[in-house]
Amino acid sequence: MGPGSALSAAAKQAEQLRKDGNNYFKKDRFGAAIDAYTEAITLCPNVPVYWTNRALCHRRRNDWLKVEEDCWRAIQLDYSSVKAHYMLGLAMLQKQELDEGVKELQKALDLGRGANPKGYMVDEIWQELAKAKYLQWEHASSKHSWELQNLKEACETALRQKHFLDHSQPEGFLNEDSISHMKQLKSLRQVFREAGEADIPGDVPDFLCCKITLDIFRDPVITPSGVTYERAVILDHLQKVGKFDPITHEPLDKSQLVPNLAIKEAVQAYLDKHGWAYKTD
């Protein structure tokens, strides 16, 4: 038997072990599944799916360190692996490494949209990314509010001290300088109030929301009639309801859908400024 035959036999055995691992996984026998995938990896270490499958088992067992290790290996073998970037992002979040986690989840989302925009994983990845982004905003917002409050108090104190040193008047007596001081304090408070408005949740503008779900766009596409929808939602409509635009009722095929890049950029700009809009519940 030559080298080629031996490699072929090893590949076949590894594939059988992968199938065995999949069956164990479906039965929640994660330890047995890990053993099967590990044997497959031993036989064929350069097959990325063996690593991501084992990582998924580790994820189910909340063994995030091993999830991270297997995902890094899968990414080295296949940088376009959606599952590897996704689970690596989750592992980073478990380590409280928010920035790195968001980076990996965003990569997974971009890859997932390119491979299968309607796939279940795209929505799942978006949900996890949105939660992580919202958490980022909460942390940044709390820090920003604390810094603004401290700065506001320092500015008010400095303004009062300046007024006290410059103008010593009997208590209850108001002259032009005192009135000017009060106006300065009022203006100062207004400045800080406006500075904190970006951190106050509000309503997302209608033009940034899908007309069907009323949620902020994730992956907007535009129809020939000029109506913009969430890609997964309009694709689902075309498949289950009929091949027509749900708003205009004009004939519509999925091949006619075009990414609305202008709205997508507007949504991203809005989310960058108003991180609270990532909240999904």
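Placing a pseudo-label 7 Å from each Cα along the Cα-to-Cβ vector at PHE207 and ARG193 gives an inter-label distance of 2.9 nm.
Excluding same-chain neighbours fewer than eight residues apart, the lysines reachable from LYS186 by a Cα-Cα span under 18 Å are LYS152, LYS162. Computed from backbone phi, the HN-Hα couplings of the range 36-49 come to 5, 5, 5, 5, 4, 5, 4, 6, 9, x, 9, 9, x, 5 Hz, rounded to whole numbers (Karplus: 6.51 cos²θ - 1.76 cosθ + 1.60, θ = phi - 60°; Gly and Pro given as x).
Just add up the charged neighbours of ALA32: K/R +1, D/E -1, any other residue whose Cβ is under 14 Å from the Cβ of ALA32.
Values: positive: ARG18, LYS19, LYS26, LYS27, ARG29, ARG54, ARG60, ARG61; negative: ASP20, ASP28, ASP35, GLU39.
Charge balance in the 14 Å sphere: +4.
Legend: distances between Cα atoms for LYS95/LYS143; LYS211/LYS264; LYS95/LYS133; LYS131/LYS273; LYS83/LYS107; LYS26/LYS131; pairs beyond 22 Å are LYS26/LYS131.
Under 20 Å of direct C-alpha separation, and excluding same-chain neighbours fewer than eight residues apart, LYS183 reaches these aspartates and glutamates: GLU153, GLU156, ASP166, GLU171, GLU194.
Given the convex hull of the Cα atoms of the range 206-278, what is a quarter of its surface area in nm²?
On the way: hull surface 18.2 nm².
Over every viewing direction, the Cα hull of the range 206-278 projects on average to 4.6 nm².
For the range 3-117, dividing the convex hull volume of the Cα atoms by the residue count gives 101 Å³ per residue. Taking the Cα centre of the range 3-117 as origin and assigning +1 to Lys and Arg Cβ atoms and -1 to Asp and Glu Cβ atoms, the resulting dipole is close to 400 debye.
Every read-out reported here was derived from the displayed coordinates using simple, explicitly stated rules and does not represent laboratory data. None of the values given here were measured: they were computed from a predicted structure. All Cβ positions, glycine included, derive from the backbone under ideal geometry; neighbour counts span all protein chains shown.
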